[in-house]
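*Asks:* This is the structure I have questions about; it appears just below.
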Amino acid sequence: MLKLYYAPNTCALASHIALEEAGAAYETVRMNFKTEDQKKPDYLKINPKARVPSLVTDRGIITETPAILLYIAQTYPAAKLAPLDDPFALAQVQAFNSYLCSTVHVAHAHRVRGYRWTDDAAAIETMKQKVPQTVGECFLLIEREMFAGPWVMGKDYSVCDAYLFTLSQWLGADGVDIGKTPKIAEHFRRVGERPAVRKAVADETQLQSAA
């Protein structure tokens, strides 16, 4: 059985949603970042990067959200979470998810984890102040150039939608008005209504409340 290591309010939700959408048999392990579970020896054996998500499979461990999402899509092709029979379209999926991972998520992290880049308190504060602009510009670009509609890649729901939904959850705290990107705002609403998404979100929220 697959095992997903995650922490609440992180990008791991995208993988959690994808597992639900795929109808996969899996279990979850909740990490508590407040007590730095991700830095403890047992977890570092699973993911030396001290990050989530991590997906334990029968062949080994996969880290990084784009890789996990593609693995789920390929392992459960009947769920049709990616255009597996079209190399170009699949590359577009990877390009979109890579942008979320390498650019959008990093821009967001400047608000909450500036210590990754500097020890200077003034510099960290400057990074925080820049986040509404940088994250906002990322989402404006997605709205204008990358969002095909009605789903990210067009007519078919894919792992890209779970990932965009996950990062869209952070916009309010990042000081970005989702209303300025109406296609993304509507997408966020529609994805949030999907049964698999509701279940993944509820599972993480309930476990967080119980902890």
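Please treat every number below as a calculation from the coordinates, not as lab data. Bear in mind the structure is a predicted one, so any value in this text is a computation, not a measurement. All Cβ positions, even for glycine, are placed from backbone atoms using ideal geometry, and neighbour counts span all protein chains on display.
*Asks:* To the nearest 500 deg cm²/dmol, what mean residue ellipticity at 222 nm is calculated for the chain from DSSP H runs of n ≥ 4 alone, each contributing -39,500 (n - 2.57), summed and divided by the residues?
*Replies:* Roughly -15500 deg cm²/dmol at 222 nm, from the helical runs in the chain.
*Asks:* Could you go through region 53-63 in sequence order and give the Karplus-derived ³J(HN,Hα) for each residue, using 6.51 cos²θ - 1.76 cosθ + 1.60 with θ = phi - 60°, rounded to whole Hz, and x for Gly and Pro?
*Replies:* x, 9, 10, 8, 10, 6, 10, x, 10, 10, 10
*Asks:* Would you mind pulling out the separation of the Cα centroids of region 1-62 and region 89-148, in Å?
*Replies:* Taking the Cα centre of each part, region 1-62 and region 89-148 sit 22 Å apart.
*Asks:* Using modelled amide H (1.01 Å from N, peptide plane; none on Pro or chain starts), what sits under 5 Å from the amide H of Arg194, excluding residues fewer than 5 places away?
*Replies:* It is none; the list stays empty.
*Asks:* Give me, ordered by chain and number, the residues 5 or more places off Thr57 or on other chains with an amide H under 5 Å from its own placed amide H.
*Replies:* Ile62
*Asks:* Moving on to the next point. Exactly which GluC sites (Glu not before Pro) in region 35-128 are in a DSSP loop and have at most 12 other Cβ atoms within 10 Å?
*Replies:* The qualifying sites are Glu36.
*Asks:* Of the beta bridges DSSP finds with both residues in the chain, what % are antiparallel, to the nearest 5?
*Replies:* Antiparallel bridges make up about 60 percent of those DSSP assigns within the chain.
*Asks:* On to the next question. May I ask what percent, to the nearest 5, of DSSP beta bridges between residues of region 1-73 are antiparallel?
*Replies:* Beta bridges within region 1-73, antiparallel portion: roughly 60 percent.
*Asks:* Then there is this: Rounded, prolate or oblate: which fits region 35-145 when a ≥ b ≥ c are the square roots of the eigenvalues of the alpha-carbon gyration tensor, with rounded for a/c under 1.5 and prolate only if a/b beats b/c?
*Replies:* Oblate, because a/c is 1.5 or more while a/b does not exceed b/c.
*Asks:* Within the chain, which DSSP H helices have Cα atoms that stretch 24 Å or more along the helix axis and a mean Kyte-Doolittle hydropathy of at least 0.0?
*Replies:* 121-141
*Asks:* Checking the a/c ratio against 1.5 first, then a/b against b/c, what shape does the Cα gyration tensor give for region 110-171?
*Replies:* In terms of gyration-tensor shape, prolate.
*Asks:* A further question on this structure: Starting from the amide H of Asn9, placed 1.01 Å from N in the peptide plane, find each other amide H under 5 Å away whose residue is 5 or more places distant or on another chain.
*Replies:* none
*Asks:* Beta carbons within 10 angstrom, averaged per residue: use that to sort the peptides 106-115, 39-48, highest first.
*Replies:* The most tightly packed comes first, giving 106-115, 39-48.
*Asks:* Cross-link partners among aspartates and glutamates for Lys45, C-alpha distance below 20 Å, same-chain residues fewer than 8 apart left out?
*Replies:* The reachable aspartates and glutamates, counting only those whose Cα sits under 20 Å from Lys45, are Glu27, Glu36, Asp37, Asp58, Glu64.
*Asks:* List the GluC sites (Glu not before Pro) in region 142-211 that DSSP assigns to loop (not H, G, I, E or B) and whose Cβ has at most 16 other Cβ atoms within 10 Å. Which are they?
*Replies:* Glu193
*Asks:* Another one. Setting aside same-chain residues fewer than 8 positions from Lys183, which lysines have a Cα under 30 Å from its Cα?
*Replies:* Straight-line reach from Lys183, under 30 Å: Lys80, Lys128, Lys130, Lys155, Lys199.
*Asks:* What shape does region 87-194 have by the C-alpha gyration tensor, where a ≥ b ≥ c are the square roots of the eigenvalues, rounded means a/c under 1.5, and otherwise prolate means a/b greater than b/c and oblate the rest?
*Replies:* prolate
*Asks:* So what are the ³J(HN,Hα) numbers for region 24-33, from phi and the Karplus equation (6.51, -1.76, 1.60; θ = phi - 60°), rounded to whole Hz, Gly and Pro as x?
*Replies:* Couplings: 6, 8, 8, 10, 10, 10, 7, 9, 9, 5 Hz.
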